[in-house]
Amino acid sequence: MKNQKMYEADDKMISLIKDNYNVLQSLGSFGINFGFGDKTVRETCEDNGVDTYTFLTVVNFTINGYSDFEDDNQLSVPTLMHYLEASHVYYLDFQLPMIRKQLEDAVNTDERLGELIMKFYDEYSREIKKHMMYEEKSLFPYVEALLAGKAVGDYNIETFSKHHYQTDKKLTELKNVIIKYMPGDQQHNNKLTATLYGIYNHEEWLRLHTLVEDKIFVPAIRRLEHRSKQDTVTKNISTMVFKSGTDNGDMLSDREKDVIVALVQGMSNKEIADHLFISINTVITHRRNIARKLQIHSSAGLTIYAIVNGLVDISTVKL
């Protein structure tokens, strides 16, 4: 049964660990060092340069299954990136070799069967390494580019999500083979039991790691992609507006600026003519010249131009 307590920033870090010792495996991945005494979660995170909100989100998800993340803009993508990258290092450089060493020692009573079991495990190791290396070579650089505001190719988080899959099937088969078919005496049974217990723990760790990617990281990157697209559109519009105003040698006259302001305010040609005490034909001529100079032919484009160039205040514009 999951612990139903929702941990908060003012809870003591040591209390969180006492309640849920599995959190110990997450501390290193977040970059949190031991020796924090009786400090709170917030104090401990701040001391180690970790975003407190993101840390608690991952912890409460892995402990309690809390998973309302679709619109959670408070999550720190850099913190999540650090957590996932460090988790890969932990699993590949420590977990996998440790399990292998324990397993090799536990199955040596039957040379042939033990050899096959080790071969089975090595196949699993290659598969999980390939899976994680794909993320490190494709996904993580893509996210770093997004964070840096750089243009990216056709790759997106949906491409990753569609090909993201559970990698623990071989581990399940391995456990079943050992339990069903590996013979041994009491001494080796103790070794096998300890090894199996470790495999079950590692399997649960891997399951939660995958869920954090699917339920927290992927939605966060979707939001980042959306903001990046909005920023790109805004930047392109601004560039277009400024460029159209500066590339053409003909500068707008004061009267043409008055016409733009009137158009942005929603006036018709006749209303503009009455407002500026000019003829309708003169208004039409001004509009034609404005379109030629700015290369802007829509009211939306003129509105953006007027806002960007300080002709009108955005608060006065009806969007």
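The values are calculated or read from the model by the stated rules, or taken from the named source; none is laboratory data. Values in this document were obtained by computation on a predicted structure and should not be read as measured data. In this analysis, Cβ positions are derived from the backbone assuming ideal geometry, glycine residues included, and neighbour counts consider all displayed protein chains. Heavy atoms of the whole protein, side chains included, go into the accessibility calculation; ligands, DNA and RNA do not. Shrake-Rupley method; radii C 1.70, N 1.55, O 1.52, S 1.80 Å.
Quick notes on this structure:
- Which listed residue, of 41, 89, is closer than 30 Å to residue 146 by Cα and touching a Leu at 6+ places or on another chain (Cβ under 8 Å): 41
- Exactly one residue among 153, 114, 149 is part of a helix (DSSP H, G or I) and among the small types (Gly, Ala, Ser), and that residue is 114.
- Scan of the range 196-220 for residues that are open to solvent by 20 Å² or more (accessible area, probe 1.4 Å), among the aliphatic types (A, V, I, L, M) and more than 16 Å from the chain's Cα centre (by Cα), ordered by number: 196, 208
- Checking each residue in the range 119-147 for being aliphatic (A, V, I, L, M), over 13 Å from the mean Cα position of the chain (by Cα) and open to solvent by 10 Å² or more (accessible area, probe 1.4 Å) picks out only 133.
- Selected residue (criterion: nearest to residue 6 (Cα to Cα)) from residues of the range 63-96 that are of a type in the set (Val, Ile, Thr) and either touching a His at 6+ places or on another chain (Cβ under 9 Å) or at pLDDT 90 or above (or both): 79
- Unique residue being within 25 Å of residue 197 (Cα to Cα) and under 31 Å from the mean Cα position of the chain (by Cα) when the list is 108, 60, 73: 60
- Whenever a residue of the range 40-68 is buried (at least 16 other Cβ atoms within 10 Å of the Cβ) and outside any helix (DSSP H, G or I), its partners that are at pLDDT 95 or above and basic (Lys, Arg), lying with C-beta atoms within less than 7 angstrom and at least six residues away or across chains, give the pairs 40/12.
- Taken over the range 281-311, the residue count meeting the criterion of being outside any helix (DSSP H, G or I), of a type outside the set (S, T, N, Q) and open to solvent by 20 Å² or more (accessible area, probe 1.4 Å) is 3.
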